[in-house]
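Novice: Okay, here's the structure, questions in a sec.
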Amino acid sequence: MSLLGKKSAASALEVILKLLWYIGIAALSLIVIVMLIDLINPGYISQHANFFLTLSSFGIKLQLSSELIEPPRPAAVMALGSIVMLFVLAFIYQMRKIFASLTENKPFTLENSRRIRIMGILTLVGSVVYSSIGSAIGSWFFVDIFNRLDIPDLKITIAYQLHLESLFFGVVLLLLSEIFRRGCELQEQVDLTV
């Protein structure tokens, strides 16, 4: 199996990305539907769903039931989930376009360089957004939960942590897009001299 062209590894990955794209659209639609149901009929989802929170770390598993904690409004959680899903879909869309060009045997284009740069920016911004959402959820859930436990001398702080791996990956994508752009310019010069 060849890497580029029809019936290649690139075309197989293009099909997989197309499938992921449609699954992502369906998931985002479901998220929006649940959010709308909660906005139109507050409490409906909370009444018909069991809520529990499981914390696992360092071999310790702590499960808190809905009797102990007040579940958040599903609309708020769904809004945060939809933001993350939009970043994922934008990334998948750019990958789909890149693999479509690979299937057409046209990998070195300025358009692909631009797409790789967009993916790098999405990764960098998405990392900050994802970390911010994690901190917001931590603030909503954990501080409230542990304050309700009323344990003397227990202090809970939420640490804002950036995902360094995502930041590194985003920078690598930005560097690759620049290398790709320069390669496209060199290819164009070679094509003009021939």
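Novice: Give me Rg over Rh for region 1-42, both radii from the alpha carbons and Rh done the Kirkwood way, two decimal places. Working shown, then result.
Specialist: Details: Rg = 17.4 Å, Rh = 12.4 Å.
Here the Rg-to-Rh quotient is 1.40.
Novice: By the scheme Lys and Arg +1, Asp and Glu -1, what is the net charge of all other residues having a beta-carbon under 12 Å from that of Phe99? Don't skip to the answer; put the middle values down first.
Specialist: Working: positive: Lys18, Arg96, Lys97, Lys106, Arg115; negative: Glu14, Glu104.
Around Phe99, the surrounding residues sum to +3.
Novice: Suppose R0 equals 22 Å; then what is the FRET efficiency for Asp153 and Ile83 from their Cβ-Cβ distance, rounded to the nearest 0.05?
Specialist: Numbers: r = 37 Å, r/R0 = 1.66.
Efficiency, rounded to the nearest 0.05: 0.05.
Novice: Calculate the FRET efficiency for Ile137 and Ala100 from the Cβ-Cβ distance with a Förster distance of 45 Å, rounded to the nearest 0.05. Could the numbers behind the result be given before it?
Specialist: On the way: r = 36 Å, r/R0 = 0.80.
Efficiency computed from Cβ-Cβ geometry: 0.80.
None of the figures in this text is laboratory data; all of them are computed from the coordinates on show. The model shown is predicted, which means the values in this text are computed figures rather than measured ones. Cβ coordinates were reconstructed from backbone atoms using ideal geometry, including for glycine residues, and neighbour counts include every protein chain displayed.
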